Structures are given as C-alpha cells and as structure tokens.
1. Restrict the check to segment B:219-235 and report whether at least one residue is under 16 Å from B:Pro265 (Cβ atoms), charged (D, E, K, R) and within 12 Å of ligand 1 (Cβ to nearest atom).
2. Can you confirm whether A:Pro133 is within 14 Å of chain B (Cβ to nearest Cβ), closer than 15 Å to A:Gly21 by Cα and at pLDDT below 80?
3. Which condition number in (1) farther than 16 Å from A:Ile190 by Cα; (2) more than 10 Å from every other protein chain (Cβ to nearest Cβ); (3) in contact (Cβ under 8 Å) with a residue 60 or more places away in the chain; (4) in contact with a Ser or Thr (Cβ under 9 Å, 6 or more places away or on another chain) is the one that B:Tyr186 fails?
4. Would you kindly identify the helices (runs of 4 or more DSSP H) lying entirely within segment B:260-314 that contain at least 2 residues that are away from ligand 1 (no atom under 16 Å from the Cβ)?
5. Could you tell me which residue of segment B:176-214 is surrounded by the fewest Cβ atoms within 10 Å (Cβ to Cβ), considering only residues that are aromatic (Phe, Trp, Tyr) and over 23 Å from B:Pro299 (Cβ atoms)?
6. Does segment B:162-175 hold any residues that are open to solvent by 10 Å² or more (accessible area, probe 1.4 Å) and either within 14 Å of chain A (Cβ to nearest Cβ) or within 15 Å of ligand 2 (Cβ to nearest atom) (or both), and which are they?
7. Checking the structure you have, find out if any residue of segment B:374-388 is over 28 Å from B:Tyr163 (Cβ atoms), more than 16 Å from ligand 1 (Cβ to nearest atom) and modelled with pLDDT under 95.
8. Exactly one of (1) over 24 Å from B:Ile70 (Cβ atoms); (2) more than 14 Å from chain A (Cβ to nearest Cβ); (3) of a type outside the set (D, E, K, R); (4) more than 13 Å from ligand 2 (Cβ to nearest atom) is unmet by B:Val247. Its number?
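The values are calculated or read from the model by the stated rules, or taken from the named source; none is laboratory data. Computed from a prediction, not measured in an experiment: that's the story for all the values here. So basically every Cβ, Gly included, is an ideal-geometry build from the backbone, and we count neighbours across all protein chains shown. When the accessible area is computed, the model is the full protein with side chains, heavy atoms only, and any ligands, DNA or RNA have been set aside. Shrake-Rupley method; radii C 1.70, N 1.55, O 1.52, S 1.80 Å.
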Amino acid sequence: MIEILPRALFLGLSTGIFCLGTCAPVMAPFMLSEERSAYSEKVKPFLLFTAGRFLAYVLIGALAGWTGGLAGNALTRNLAGISLLLLAMLMVIYGLTTGFPQLRFCRMISPYLGRIRAPFAAGILMGVNLCPPFLIAAADVFVMGSAFNGAAFFMVFFAATTVFLVPFIFLGYLSYLPAVRAVGRLSSLIVGAIYFFIGLNSLAS
Amino acid sequence: MPEKTLINSHSRKTSVFLTALMAFLLAFLILGGNRDNPRMMAAGAVYLVFLTVITYLIFRTGMVGKYRSIFFATYAVGFSLSFIPMLIETRGSMFLSGEEILSLSAPLCHLTLPMIAIPAVVYGFLIFPTKLFSEMGFFPMLYLWLGATLFLGRGWCSWGCFYGGVDEFFSKLLPKKIVSSKNFNYTLRFFPYAFLLVIVLWAFIALEPVYCTWFCPFKAITEFIKPTNWLMWVQTGIFVSIFLGLVVVLPLLMKRRTQCGLFCPFGAFQAVIGQVNPYRVKIDGEKCTKCNTCVQQCPTFSLTEEAVSKGKSCISCTRCGKCMDVCPRGAIQYSLIGVPLRNSEKGGGFFGEVFRPDTLFIFGALLFGGVLSSGMVSTSLLRITNLAVNGSFLLK
Ligand code: SF4
Ligand code: SF4
C-alpha cells in the first residue's frame, strides 16, 4: 500500500493549483465576510472548510476504492450537480445573512446556519464536487479495489492539495476592513448564483 | 446669465493659453498621423475644433463635469458609429466568426485584462483569442492601460473609456431623474469588486474569458458570437439584459452611470490599481456644510456621507468633476498627493493657475482622451457625411 502514497502526494502537488482555483471562489467569501479579532477566529473558517473537504475526500476515496469506480458516470454527474446546487444555496443564504441581516428571512435562517457551520458544510459539498484533480485521483483509486487504500490515497492527496489553500488564511486578516467584508458577502451571492446555474446545467445535461 | 465662478475656473488669459497649447498638441498628434488621407484629415480638423472649444469652456467656466460629459458622450457615440459599421464592412455582421477565433484575431478590449493576467502568468498563454502584437492585440492594449493608469488612475472611466461614455450618454438624455436614489443601498457599490474577484477566479478555473462569454454588456454595441444553441441564447439574453438594464434604462431613470458604478469589474480593478496615480478628489472640511448635494449627484456612487465627512471621495471616483460643478460652496477640488488644498477660486496669477493640480489633471486627461478618441470620432464623422451624401454608413 505504501507505494501508492508518493503517487498521491505527487498528484496532489502537481494539480493543487487547480484546487486553489476551484476552492477559492467558495473559500474567499468565508474568509472575508465576517470580522474576527482573535487569530483562532480568523483561521476558523479555513479549518472548518478544510475539515469538511477532508471528510468528503476520505468518504469518496473509500467508496471509490471499494466499488472500483464512482458508480457510473450518470451518478457522479448527478452527485456533482446536486452538490453544486446545495452549495449554491448555502452561499446565497450565507451572503444574505451576513450582508443583509435586517431582512426577515435572514433573521429566521441565521440560527440554523450557525448550527450547520456554513464553511464546514461548504467544504463537504466542495469535496464531493468532482473537480479535474479529484477525478484524476479517483481514476487511480478505482483500480485498487480496497476501501482502506482508497481512503489513504485520498488523505495524502488531500494533504498535498491543502498546501495550496494555506495562503487563504491570510485573507482573514483583511476582514477588519468594512469594505472588504462587503465585497466578501456580495461575492458569496455571486458565486451562489453562478454555481446554481452550473449545477442546473450539469443536472440537465 | 453668466455661470457661477467655480473652483476649477481660470482667468481668460490662462484659459486662452491652455486652449492654444491643447489645440497645438492635438493638431500635431491628430492631424500629423493622417497626412496622406485628406478626408480623415478634414474630419480630424472638425473634431479638433470641437475639442478646442470644449477645452476653453472647461478651463474658463470651471464646469468640468458638464463639458467633459459632452466630450465623453460624443466619444462614445463616435465609437459606436465607427466600430459597428467597420465590422459590417470587414465581415458582413457583428458576429464574431469561428475563423477569427481560431486565427486569434478577435480585437481585445481593456475589460479583459484582469481576467487574462493570472492564467497568462501561471500557464504562459492568453485565454482570449487575440494576437500578442496585432493592432488590437494584447500588448497595444496593455500599454494603453498602463498609460491610462499612470496618467488618469480611475479617471480613465470618465476621460478615456469608450464604453463609459455610453451610459454617460444615456444618463444625460432626460432633464430630470425619474427614480430617486435617496433610499439607495450603498452596499451595492461594492458589487463590482466582488464581481471582479469572482470572474478573475472563475476565468482561472475555466481558462476562458468568462466575463466576455457571459456578461459584458458592451457586446451589444461591438461584437458577439452568433447564438447556435440554448446555452448561447442564455448568454446572449444575459448580456443584452445587462446592457438594456444597466447601460440604458437605469442611467436614463436615475441619471447615474449604473453600469460603471455598480457593475463593471474593470472599473473596480482600475479603482484599486489606479491608486498609483497621484491625483485625488478632496473635500475641504472647512467649507463643506454637509448638505450632501454631491452625494446625491455623483454618477458612480463614489461619494457617501461617510466619505464626505472624511474629506475625500471613495477609490471608485472617476474624477469626472460633477461634484465640483454642483457643490454650492466650492468645497470639492482635484488635488495632488502632498499638495495642500486651495482655499480660493483665484489661482494666484498666470503661473499659479497653470500649475494648479486641477489644471494639470484636466489638461492631461483631455489630451489623453482627445488623442484616443480622435480616430473613432473622425471616422464616425466621415460615415455620417457618407450617409448624408450616399445614403450609407458604410465607406466601402
Ligand atoms: S467602469 Fe468599466 S465600462 Fe465604465 S468607464 Fe470604467 S472601464 Fe469603462
Ligand atoms: S466623487 Fe466627484 S469626481 Fe468622483 S466620480 Fe463622483 S462626482 Fe465624479
């Protein structure tokens, strides 16, 4: 098993820039939208998002290794479509509740959003959303025929790609500026609208 | 009735001098390039007269917003009247063809620059189908943008951008606003920055100029890909709706530049990068009575009550001069970083007036915009003449 891990590491490092591009539109609004003073608070959205992504990777890795495939193309496409739609809704609700808290809808929904920890949920949804590096990694795992090996492969892959996301921690330091927070909240709404369309398109096709 | 004396006004002597200098430089730059084309030379001469008159009126009256607006709207009309017929002459329609995309000969515009920068650096290629060195390719546009940024900062958006004049044009058509912006939610003015962030990241993921594909409203007056499937119809519907909503209808109703102030991601990019330009718009706290007339009138939503109390416009300020026209106390002025604010309309003699920050900025901006617009406006004049004489906009 040990011989597959360097390959996972190399794959993660070589495709991590894609992960950066793919996760950035979701991660950036979470890092920018809320004012946080303590360091631990600043990194919290990053850690939650990363934890969600980790959980999704391990689960999908185990599943892919076990089943020897992602259970057919139609299912993976649908999974990606549905996860994008859910992510879109999450981003829109997050953008609305942070940007326009005075709206009645936002006052109603805010407590629930706090409970599901929006960045964590976004991390899971982003993790199961099959971006190109993820699919390359999954192709490797299909041939393993073992849930454990698949999960291990994805853990290493996850660690390698996360290196590229670390700079996002520093975005948290910009959130003390009210203008930056407004930009973060509005970008959450825009990303939500775009992902909603892409999700629908992916389900329709 | 003579117009009131404004903070940017100049004595007759200084105005004549500045106008003569401008006319000389413009004549050299505009006419010099057309020596072997008498018709273009004649059209250029007409435009030169127009620019000379505008220069005099700006400096003499100090109504920068008003006369700049006439120049800027003329520029935008000239752009549309020259660009669309040019496309029809060369390719028979406004549709961008597959061959042009494959042969990398689509003209690049400045709006694409923020999107193509990161993929160009990371992957070493352009995600827009244009050539590096062709006339409307990457490098000419890059140099134009660099020059605009150094000379104008975000002033580009009120003195240089051939699109900005279109919503300025519509915002001037009705004498009074129909929709008041009293209850306007000023958070929305951050939308262009958020949009910029998203499209830059999205373009990097998708490796395609997503703003051009999906959103750019100015495709409605330039070129676009012929829709052949439902997705392309959706894209066409989106950009046409944005054009009608933000460039035509809302500017008409609100008398504000809603596209430039609330949507354009390049405007946001320019607002941030344009901080390298040393000119600013400042408010003299001693003169200002916090009447907020300027807040209500700023075309790009770049003045808020908070900004007024801080004594400066927001970074999105396009240096259009409108707030200076409308301020009843003459409290707003162009300034240069490190130079104290003036406290009187009188500029301290001829040299004092010539070297005032407002004079330097306006002169440079008008020269830049005048030269940039000359080809487009002159060609449009030729086309209008052709329409009158031969019944067609097309010259070929
Ligand atoms: S905001 Fe955009 S369209 Fe408007 S003037 Fe600036 S660059 Fe041009
Ligand atoms: S602050 Fe004044 S100069 Fe700046 S865009 Fe607004 S009206 Fe124009």
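1. no
2. Criteria met by A:Pro133.
3. The one condition B:Tyr186 does not meet is (2).
4. Output list reads B:293-297, B:305-310.
5. Ranking the candidates gives B:Trp214 first.
6. The answer is B:Lys172, and nothing else.
7. No, segment B:374-388 has no match at all.
8. Here B:Val247 clears every test but (1).
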